[in-house]
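**Q** Take this structure first; my questions come after.
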Amino acid sequence: MRGKEGRRYIPQVGYSVDFYHYKIGLRGQEEKMENKDEGYLFADEEGKRAAKKAMEWIAYKDRTQKELEARLYRAGFSESASSQAMEYVLSFGYINDRRYVENYLMFQTGKRSKKEICFKLQQKGIDKELIEEAVFEQGGIDEQEAIESLTLKRLKGRKISEIDRKERDKIFAYLGRKGYEISQIKKVFSKLDI
């Protein structure tokens, strides 16, 4: 049975609703898609509200599945409403952890070490295997570029030979805390020392 606004309502099962769907591109650009003829079926009104809220959050920023589940929980939605909302966003491909990892690598490579990138992504609920696979497909992470740019940023226009041993050790320790390997740091320091 169709309602006045073109929504399908099935009294025995629950509600259905037609949303405007958004396709989120690689850089978060949104394209409005046509209103779907077939509505998505929700068991109750709370599930529909949770899905709308989830769509608002995803339109603002790409998120991992774990992040969105946590956000729905913090917003006070029941477990069944949250699962309905997650089913909805997953069914249209709005949440895709693989795409999230690829985008994260694209923007963070050159700024962070491989260890730091893996740690941050695991905090966001992404499997280590998926991270390693995406890094491998990208061709690895060239940490020497990142070390060099961070070192030059710390040097503030000076040459590495112009600074004293204490300041050099501070930069070395900073890079070590960021997760870079000592051998990589030494290579970059010797390259910059010329």
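**Q** Spot the failing condition for R49; the list is (1) at pLDDT 90 or above; (2) under 23 Å from the mean Cα position of the chain (by Cα), and only one is missed.
**A** Looking at each condition in turn, R49 falls short on (2).
**Q** Among the residues of region 108-147, how many are within 15 Å of G176 (Cα to Cα), out of contact with any strand residue (DSSP E or B) (no Cβ under 8 Å at 6 or more places or on another chain) and surrounded by 15 or more Cβ atoms within 10 Å (Cβ to Cβ)?
**A** Summing the residues that are within 15 Å of G176 (Cα to Cα), out of contact with any strand residue (DSSP E or B) (no Cβ under 8 Å at 6 or more places or on another chain) and surrounded by 15 or more Cβ atoms within 10 Å (Cβ to Cβ) in region 108-147 gives 6.
**Q** Only one residue in R154, R99 is within 23 Å of L68 (Cβ to Cβ) and part of a helix (DSSP H, G or I), so which one is that?
**A** R99
**Q** If you don't mind, there's one more thing I want to ask. Within region 124-145, identify whether any single residue is aliphatic (A, V, I, L, M) and farther than 16 Å from R98 by Cα, and answer yes or no.
**A** First pass over region 124-145, keeping only residues aliphatic (A, V, I, L, M): 126, 130-131, 134-135, 141.
When the remaining residues are screened for being farther than 16 Å from R98 by Cα, the result is 141.
Yes, region 124-145 contains at least one residue that is aliphatic (A, V, I, L, M) and farther than 16 Å from R98 by Cα.
**Q** Has region 91-107 got at least one residue that is touching a helix residue (DSSP H, G or I) at 6+ places or on another chain (Cβ under 7 Å), among the polar types (S, T, N, Q) and either open to solvent by 70 Å² or more (accessible area, probe 1.4 Å) or at negative phi (or both)?
**A** The initial filter retains those residues of region 91-107 that are touching a helix residue (DSSP H, G or I) at 6+ places or on another chain (Cβ under 7 Å), namely 94-95, 97-98, 101-102, 104-105.
Add one more test, that the residue is among the polar types (S, T, N, Q), and what stays is none.
No, the conditions are met nowhere in region 91-107.
**Q** Mind counting the residues in region 114-144 that are under 21 Å from K66 (Cα atoms) and outside any loop (DSSP other than H, G, I, E, B)? First the steps, then the outcome.
**A** The first filter runs over region 114-144 and keeps only residues under 21 Å from K66 (Cα atoms), leaving 115-135.
So of that shortlist, the ones also outside any loop (DSSP other than H, G, I, E, B) come out as 115-123, 128-135.
Looking only at that region, the number is 17.
The values are calculated or read from the model by the stated rules, or taken from the named source; none is laboratory data. Note that the structure is predicted; figures quoted are calculated from it, not measured. Note that we place each Cβ from the backbone using ideal geometry, even for glycine, and neighbour counts take in every protein chain shown. Keep in mind that these areas ignore ligands, DNA and RNA; they rest on the heavy atoms of the full protein, side chains included. Shrake-Rupley method; radii C 1.70, N 1.55, O 1.52, S 1.80 Å.
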